[in-house]
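Read through the structure below, which is laid out as structure tokens, and then see the notes.
The values are calculated or read from the model by the stated rules, or taken from the named source; none is laboratory data. Note that this is a predicted model, so its numbers are computed, not measured. Quick reminder, even Gly has a Cβ in these numbers, built from the backbone with ideal geometry, and neighbours come from all protein chains shown.
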Ligand SMILES: Cc1ncc(COP(=O)(O)O)c(C=O)c1O
């Protein structure tokens, strides 16, 4: 395979035109959309409109006239289409961490009120994203549960059948390795063992088809600033299966989750359905940006939607894996080779110099990232990544390794954010 082959793949890419939706900086190969998605072209004008006209001119009226108050539901309903959820089942709100706290707490309440209240374990993976584990750990402590983590995905099912698991809490695509879980099989295993399944879709929403309803998940949360291109710190989202939505109030009983927020009554009465998972006032400007980001993914619907994005994402990661194996032998691949176990990123590792190699690539305009202690992460967002970008990125990686330029001091100084 050579650069011309990659150009040929781009020429027949049915999603090629999607790239035009993004304000990609020139001379950069951006392989970090799994951390912060690229700015959509529509966002700056939309945010300016919200700021200048809706806020600047119409001020508080815009809560009604510009329907600011409906943003969590409006954006949520668009997002629902990307993750296999129905209308009015999902809202955009808060951060992934906060939403996880809400759903995990609701799930624990369900277990305590259910047929097996003696179940005391929240089961997760040791290398789940730390915020998920921190939230689960603190909630477990507060509620008298125990967080148990397993080391490999193969240990999940044997641990479930021990019969003490209340909630299985997993991230669908691992942030470090890019490994993809089988949501359907694991949710089924959790249910068969009498546990509830909570899914974090931070690295899957907008990257691959997610079927929350079809796979019978109980709760899900996810992130707006990665593959959904919502901008730094974009609101996250929360979904609860309709069979559970009305059963428990989540613990952050803010007024936006009240049945009648503008009645200003002293007692809390949760809103029906998913609205009770809201807490405070929505961040309108960031919601507007998130809506533009979600629209970039929905724009692929006429071209085959999430299935088409998944096909291209797998093809991109396949080419990257192949070229890395051929040209960068000193790097080990820690992402599964089998496509059914792979998300939309590829992670490489090297005992020496992983951080510095990423910095040397960034200096060359190839943006990936580093995850401690030794992982080089490359995300492939099929909406804007081209096959020729994959070729060029591996060419730079090859040169960085061959020249040893990563050993320079300037590439070995750590910033606060890696
Ligand atoms: C799996 C996962 N969950 C949660 C988060 C972040 O959550 P928050 O937006 O609350 O910082 C990340 C961030 O990278 C993540 O990878």
Exercise for review: Quick one: residue 87 ticks every box in (1) in contact (Cβ under 8 Å) with a residue 12 or more places away in the chain; (2) part of a loop (DSSP other than H, G, I, E, B); (3) not assigned by TED's automatic domain parsing to the domain that holds residue 358 except a single one, so which number is it?
Suggested key: (1)
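In region 213-235, how many residues are surrounded by fewer than 22 Cβ atoms within 10 Å (Cβ to Cβ) and more than 12 Å from the ligand (Cβ to nearest atom)?
The number of residues fulfilling the criteria is 4.
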Review point. Hey, does region 376-396 have a residue that's in contact with a helix residue (DSSP H, G or I) (Cβ under 7 Å, 6 or more places away or on another chain) and in a strand (DSSP E or B)?
Key: yes
Exercise for review: Return the pairs, sorted by first residue and then second, in which the second residue is part of a strand (DSSP E or B), the first residue lies in region 354-370 and is at positive phi, the beta carbons are less than 7 Å apart, and the residues are 6+ apart or on different chains.
Suggested key: 365/29
Exercise for review: Kindly indicate whether any position in region 151-165 is touching a helix residue (DSSP H, G or I) at 6+ places or on another chain (Cβ under 9 Å), within 27 Å of residue 332 (Cβ to Cβ) and either in a strand (DSSP E or B) or within 16 Å of the ligand (Cβ to nearest atom) (or both).
Suggested key: yes
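Taking region 281-294 as the search range and keeping residues that are over 16 Å from the mean Cα position of the chain (by Cα) and part of a helix (DSSP H, G or I), which one is surrounded by the fewest Cβ atoms within 10 Å (Cβ to Cβ)? Before you say what the answer is, go through the steps one by one.
Within region 281-294, the first condition is being over 16 Å from the mean Cα position of the chain (by Cα), and the residues that meet it are 281-289, 292.
With the extra rule that they be part of a helix (DSSP H, G or I), the set shrinks to 284-289, 292.
On the way: 284: 18, 285: 16, 286: 21, 287: 22, 288: 23, 289: 28, 292: 22.
Going through the qualifying residues, I end up with 285.
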Point to revise | Hits in region 77-97 (condition: under 26 Å from residue 140 (Cα atoms) and within 16 Å of the ligand (Cβ to nearest atom)) | key: 91, 92, 93, 94, 95, 96, 97
Review point. Which ones in region 116-134 are closer than 20 Å to residue 217 by Cα and outside any loop (DSSP other than H, G, I, E, B)?
Key: 121, 122, 123, 124, 125, 132, 133
Exercise for review: Sort out for me the helices (runs of 4 or more DSSP H) sitting completely within region 13-84 that have 2 or more residues that are in contact (Cβ under 8 Å) with a residue 40 or more places away in the chain.
Suggested key: 41-49, 71-80
Review point. Given the conditions (1) over 28 Å from residue 412 (Cα atoms); (2) within 17 Å of the chain's Cα centre (by Cα), which single one is not true for residue 311?
Key: (2)
Review point. If residue 100 satisfies every condition in (1) more than 16 Å from the ligand (Cβ to nearest atom); (2) under 16 Å from residue 212 (Cβ atoms); (3) assigned to a helix (DSSP H, G or I) but one, which is the exception?
Key: (1)
Revision key, fill the gap. For region 184-212, the count of residues that are more than 16 Å from residue 306 (Cα to Cα) and either more than 16 Å from the ligand (Cβ to nearest atom) or in a helix (DSSP H, G or I) (or both) equals 13
Practice item. Answer yes or no: is there a residue in region 106-121 that is within 16 Å of the ligand (Cβ to nearest atom) and at negative phi. Key: no
Practice item. For residue 325, work out the one condition from (1) under 24 Å from residue 174 (Cβ atoms); (2) in contact (Cβ under 8 Å) with a residue 40 or more places away in the chain; (3) over 20 Å from the mean Cα position of the chain (by Cα) it doesn't fulfil. Key: (2)
Review point. Can you pull out the residues in region 180-192 that are in contact with a strand residue (DSSP E or B) (Cβ under 9 Å, 6 or more places away or on another chain), surrounded by fewer than 21 Cβ atoms within 10 Å (Cβ to Cβ) and closer than 22 Å to residue 315 by Cβ?
Key: 181
Check your understanding: If we scan region 298-312, do we find a residue that is in contact with a strand residue (DSSP E or B) (Cβ under 8 Å, 6 or more places away or on another chain) and farther than 24 Å from residue 218 by Cβ?
Key -> no
Revision key, fill the gap. Picking from 34, 27, the residue that is out of contact with any helix residue (DSSP H, G or I) (no Cβ under 7 Å at 6 or more places or on another chain) and at pLDDT below 95 would be 27
Exercise for review: Out of 348, 323, 309, report the one residue that is assigned to a helix (DSSP H, G or I) and farther than 23 Å from residue 184 by Cβ.
Suggested key: 323
Review point. Do you know which residues across region 193-207 are surrounded by fewer than 23 Cβ atoms within 10 Å (Cβ to Cβ) and either in contact with a helix residue (DSSP H, G or I) (Cβ under 6 Å, 6 or more places away or on another chain) or free of Cβ contacts under 8 Å to residues at least 24 places away in the same chain (or both)?
Key: 193
Point to revise | So residue 168, is it at negative phi and surrounded by fewer than 24 Cβ atoms within 10 Å (Cβ to Cβ) | key: no
Exercise for review: Go through region 139-161 and count every residue that is over 25 Å from residue 180 (Cα atoms) and either touching a residue at least 40 places away in the same chain (Cβ under 8 Å) or touching a strand residue (DSSP E or B) at 6+ places or on another chain (Cβ under 9 Å) (or both).
Suggested key: 5
Revision key, fill the gap. For region 237-255 the number of residues that are touching a strand residue (DSSP E or B) at 6+ places or on another chain (Cβ under 6 Å) and within 16 Å of the ligand (Cβ to nearest atom) is 3
